[in-house]
Structure formats: structure tokens, C-alpha cells
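Data first, discussion second: the structure below is written as C-alpha cells.
What follows draws every value from the coordinates through simple rules; no lab data is involved. If you're wondering where the values come from, they're calculated on a predicted model, not measured in any experiment. Neighbour counts are summed over all protein chains in view; Cβ atoms, including those assigned to glycine, are modelled from backbone coordinates with ideal geometry.
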Amino acid sequence: MIAIAMKRNSVAPHPCMQDAAVSMKKGNIMNIIPLDVGFGARINNVDLARLSDNPQAQQALQKALLDYGLLVIPGPVLTPQAQIAASEVFGALEEFPPTASQIPGYPQIFRVASRATEGYTGVGRYWHSDGSFRAVPTPMSLWHLEARPDVGGDTLFTDLQEAYRSLPDDLKAQVQGLQTTHRNHVVHPLVMPHPHTGVEGLYLNVGLTDSIIGMARDETEALIASIDRHFSREGAVYRHQWKEGDFVVADNFRVAHRATPLSPLQRRVLNRTTVRGDGAFWEVEHAEVVADAKETVAG
């Protein structure tokens, strides 16, 4: 069993997370330290290899993700099986077609690397949320660093909800009701409520958005550029400098991310898993509540 310790003067935890903390017995302390950018938290003392056997730790991490939007969990390098099991705490995982650089037998793991022989290269060097090309977007991305470069390869994160709240009044008025079209013709609202919390945030793939419905090309490009700059404004970005074994979880409706340049002379292997659009843990919770209600009525 574990207990939760919040760093003094940190952001207050989600009410459900407080309940989870109260119910835990004394033992190892899960230490939650909010990052200094207003979102995200570092989570210490989590045994990811045994997470599937600890429902209280699972609940605490799920609630922490809802609170902070981004979790940074240090630890040892995991086996593919252990990474998949830890990822499944947050929902049912997507599977990807096999390629020469992927891990045989583990279609849930999408490898991103500095060298093409070990994974996909040069991806995501613009603000985006993974799976925005899907009609039902990918709710969560999880990354686990297998091999760390000596220089470069950091990942940047920004808070989409705070980005929306902090827009200048004229820009906030402009984005209301707008819809973006991805290059594959999928349409999403530019201001999207979180599917579980209902909190509104900007939702924009800066690199792969083809158009904004009802706007001319030059107007579309100007608005995307304005939002791009706003995502990168001073004090709004968390820069994650990877260490081997890091396990990072992002709520894609709360945070966007982007890659930074990395030389192929530097070896870096990052194993990513993603939760299916219909597979998030909060979808499961909702289904269980509905099932319980039906059972109560039937009884």
C-alpha cells in the first residue's frame, strides 16, 4: 500500500484524489511535486513495474493526471510488457501496424528515435496533441525513454486550458465557434471542452491543420501563427529533459507538446503508447456508473 504526500504550498489535489489518500495505509509515500509552470507534476516513489497490482496507486495517478494534465514519473527502464501494463492503468491502448523498426510482438508501442533503424524520426516539431487526426481524438499519450542522448531531444509541453483562459480578449472572441480541418479532413472545434471535466481549452495541431472553416487562407495562417506564439509565450512552457527510465503521461485535451531538434549522431529511443479514443479510464468509470445504476433499477 502507498500513501500520498503533497509538497507544501502545492496545488490542492482533486477531491477524489484526497479520498484516495485518506484510504491508503502507511507505507511507501507517493510524492507529488507540482512543476513550476502552473501545470504538470513530478511523481516520485512509484513502482511502475508493479503498478498493475496496486489499485490504490492506479487511482491516485488517474486523479493526479486530471489535476495536473502531465505526469513525470522517474524510474528504471521497463520491459515492453511492463510499459504496456503501466500504460493500461490509464485506459485501453491503440495498436499500430508492424514496421521494421518497431518491437516485434508489441503493437501497442510506437517507437520514436533519432535513427530510422530504431523508430520514426523527425516527428512532431510543432505544437500538437497526438491523435488529433482522428475523428475521436487520442485522449492520452505515454512515453518511456529507453536510450538517452548526450545532447538535445528535449520535449516541450504547454497547457491548452490556460492558453485559452489567457488569450487576449480580441483573440478569445475570434476563436469562439471556429472549427479546424485536419489535412485528412477530420474536423474539430478550435475551443474544445475536456471530455471528462468540461473545462475548455484550445485544441490545435499547428503543423497539420489544413484550414479553419469559414476563414480565408491568409486569415487561417495568421490565426494559427498567433496561437502558435501564444502556446510558446514566456513562462508557459515546460521543457522536459529526458533521463533513461522516465515515464511521462500527458492528457492530450489538457496539454500539447512538441519535439526539439536532435542529431542522428545522438542515440535516442522513446517508446510511446497511446490510449484509444473510446478507451480512457474516465470512459470506463462512466460505463461502470451506468451499469450500476441499471442494476439498481432492475433490482
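Structure notes:
- Average projected area [Cα convex hull, segment 21-119], square nanometres: 7.8 nm²
- Available extension along the chain between Ser263 and Asp228 is 10.2 nm, counting 0.36 nm per residue and deducting the alpha carbon span.
- For Met215, Met140, order by how many other beta-carbon atoms lie within 10 Å, fewest first: Met215, Met140
- Long-range HN-HN contacts of Tyr120 with modeled amide H, under 5 Å: Arg111, Val112, Ala113
- Using only Cα coordinates, the Kirkwood hydrodynamic radius of segment 159-231 works out to 12.4 Å.
- Exposure proxy shown here: for Trp242, Trp282, Trp127, the number of other Cβ atoms within 10 Å sets the order, fewest to most, as Trp282, Trp242, Trp127.
- Equivalent ellipsoid of segment 92-177: semi-axes from √(5λ) of the C-alpha gyration tensor, largest first, are 32, 18, 11 Å.
- Stretched out straight at 0.36 nm per residue, the stretch from Tyr120 to Arg42 would grow longer than its current Cα-Cα span by 25.4 nm.
- Quotient of the Cα radius of gyration of the chain and 2.2 N^0.38 Å, N being its number of residues: 1.01.
- Each residue of segment 147-162 is assigned a 3J(HN,Hα), and the resulting list reads 9, 9, x, 6, 9, x, x, 5, 10, 9, 10, 9, 8, 6, 6, 5 Hz, derived from the Karplus form 6.51 cos²θ - 1.76 cosθ + 1.60 (θ = phi - 60°), x at Gly and Pro.
- Linear extension gain, His185 paired with Ser52, 0.36 nm per residue minus alpha-carbon span: 44.1 nm
- Neighbourhood net charge (15 Å Cβ-Cβ; Lys/Arg +1, Asp/Glu -1) for Thr273: -4
- ³J(HN,Hα) computed for each position of segment 259-265 - Karplus, 6.51 cos²θ - 1.76 cosθ + 1.60, integer Hz, glycine/proline x: 7, 10, x, 8, 6, x, 6
- Sorted fewest first by neighbouring Cβ atoms within 10 angstrom, Leu93, Leu65, Leu208 come out as Leu208, Leu93, Leu65.
- Prolate/oblate/rounded call for segment 142-299, Cα gyration tensor, a/c under 1.5 rounded: oblate
- For Gln108, the amide hydrogen comes within under 5 Å of the amide hydrogens of Phe96, counting only partners 5 or more places away or on other chains and with H modelled in the peptide plane.
- Amide H within-cut-off set for Arg42, under 5 Å, with H built and near neighbours excluded: Ile33, Leu35, Val72
- Rounded to 5, the percent of DSSP beta bridges in the chain classed as antiparallel: 85 percent
- Cut-off of 10 Å, at most 15 other beta carbons, DSSP loop: longest stretch of the chain lacking such GluC sites (Glu not before Pro): 96-233
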